[in-house]
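Engineer: Quick one: the structure is below, questions incoming.
The values are calculated or read from the model by the stated rules, or taken from the named source; none is laboratory data. Bear in mind that the values here come from a model prediction, so they are computed numbers and not experimental data. With ideal geometry, Cβ positions are generated from the backbone for all residues, glycine too; neighbour counts draw on all protein chains shown.
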Amino acid sequence: MDQGSSAQYRSVFRPGLFDGQRIWVTGGGSGIGRCVAHELAALGAELVISGRSADKLQRVADEIGADGGRCSWRAFDIRDEQAVQTNVAAVLIERGPVQGLVNNAGGQFPAPLMAISKRGFEAVVANNLTGGFLMMRELFTQCLQGQGGGAIVNMTADFRNGMPGMAHSGAARAGMSNLTMSAACEWAHAGVRVNAVAPGWVASSGMDSYGPAIQPLIRQLKEHVPLRRLASEAEVSAAIVFLLSPAAAFISGVTLPIDGAASLGSPLFPRPAEGGNAPFEGFHRASTPEVLK
């Protein structure tokens, strides 16, 4: 679609749901993070987005501003403990308290387990687990624990049956799911809820980051999904928004799969060649990844 400011995000949630709230989205410069930031801004939240690319963050902040929302950004690496501490402190001073965190930043590369170096393994774990832990801890200790509550939604992935070909990411994502459960228990006394989402295959810009050898596989992914399609970014965003919302006030410590039932089933039960359902396409600035065109 990518219709620009002439359209508005078509969220299923009520207007003004997050009025007066400030929500931080890591990895907000592209893909799912960009979509989540747009939906939250459309629902009244003041956004703080972060990532490593200032250009991408500025572009998303400009988009949100053109659509009538409020968004500031900070460029830093969530794997850097000092940078996380410094930037969280700066946002709290400059913008005020933060009520929600979407721990979306991450990344990985495809490789067989035997070919992954120690450095590569640790880099992916730092991207998808350690950095998220640092963001959670700093926002909790510097802000959330003293304000009577808040909500955190972490990003994992469909690791239920392992992640052959991306074992480093699978290990990190499983760790994030377990970390979510531990934090939900430890921080409940402060009124802080911690949940996670586990998307399967999502038609987002991240698909274009993989090389030519992987692209034919990406085009075949929908054949392995019982709903016979990939998820839209807006479908992942809607689940995150729900978990941040008051409707999820008694939900904490869960990891919600968003995979079209791809993690379920048996070879004894054949998957139909056609059928499924229509996607929810609420994001007015969404565009189809080049690899899927």
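Engineer: Can you tell me which of (1) among the hydrophobic types (A, V, I, L, M, F, W, C); (2) closer than 23 Å to Tyr9 by Cβ; (3) modelled with pLDDT of 90 or more is the one Met207 doesn't meet?
Structural biologist: Result: Met207 fails condition (3) only.
Engineer: Listed residues Phe133, Phe140, Phe159; which is more than 17 Å from Ala198 (Cα to Cα) and either touching a residue at least 40 places away in the same chain (Cβ under 8 Å) or hydrophobic (A, V, I, L, M, F, W, C) (or both)? Write out each step before concluding.
Structural biologist: On the way: Phe133 fails: more than 17 Å from Ala198 (Cα to Cα); Phe159 fails: more than 17 Å from Ala198 (Cα to Cα).
The conditions single out Phe140.
Results for (1) among the polar types (S, T, N, Q); (2) surrounded by fewer than 20 Cβ atoms within 10 Å (Cβ to Cβ), shown as yes or no for each residue.
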site: Trp187; (1), (2): no, no
site: Ala190; (1), (2): no, yes
site: Lys222; (1), (2): no, yes
site: Arg229; (1), (2): no, yes
site: Ser245; (1), (2): yes, yes
site: Ala249; (1), (2): no, yes
site: Ser263; (1), (2): yes, yes
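Engineer: Please list, ordered by first then second residue, the pairs with beta carbon atoms under 6 Å, 6 or more apart or interchain, first in the stretch 1-28 and closer than 27 Å to Pro289 by Cα and at pLDDT below 95, second not hydroxyl-bearing (Ser, Thr, Tyr) and not in a loop (DSSP other than H, G, I, E, B).
Structural biologist: If the second residue must be not hydroxyl-bearing (Ser, Thr, Tyr) and not in a loop (DSSP other than H, G, I, E, B), the pairs left are Ser5/Ala66.
Table: residues versus (1) under 24 Å from Ala262 (Cα atoms); (2) at pLDDT below 95.
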| site | (1), (2) |
| --- | --- |
| Leu129 | yes, no |
| Cys143 | no, no |
| Val153 | yes, no |
| Met166 | yes, yes |
| Ser169 | yes, yes |
| Thr180 | yes, no |
| Trp187 | no, no |
| Asn195 | yes, no |
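Engineer: Does any residue in the stretch 105-117 that is among the aromatic types (Phe, Trp, Tyr) come within less than 8 Å, Cβ to Cβ, of a residue that is in a loop (DSSP other than H, G, I, E, B) and buried (at least 17 other Cβ atoms within 10 Å of the Cβ) six or more places away or on a different chain, and which pairs are these?
Structural biologist: Hits for this filter: Phe109/Met166.
Engineer: Out of all the residues in the stretch 257-282, which are farther than 12 Å from Leu227 by Cα, part of a loop (DSSP other than H, G, I, E, B) and in contact with a Ser or Thr (Cβ under 7 Å, 6 or more places away or on another chain)?
Structural biologist: Across the stretch 257-282, the qualifying residues are Phe280, Glu281, Gly282.
Engineer: Do you know which residues across the stretch 198-218 are touching a helix residue (DSSP H, G or I) at 6+ places or on another chain (Cβ under 8 Å) and assigned to a loop (DSSP other than H, G, I, E, B)? Outline the logic, then answer.
Structural biologist: Residues of the stretch 198-218 touching a helix residue (DSSP H, G or I) at 6+ places or on another chain (Cβ under 8 Å): 198-199, 201-208, 210, 215, 218.
Once the filter is applied, which keeps residues that are touching a helix residue (DSSP H, G or I) at 6+ places or on another chain (Cβ under 8 Å) and assigned to a loop (DSSP other than H, G, I, E, B), the stretch 198-218 yields Trp201, Ala203, Ser204, Tyr210.
Engineer: Right, here's the next one. Output the residue which, of all residues in the stretch 88-123 that are over 23 Å from Ile240 (Cα atoms) and of a type in the set (Val, Ile, Thr), is surrounded by the most Cβ atoms within 10 Å (Cβ to Cβ).
Structural biologist: Taking the candidates together, the pick is Ile116.
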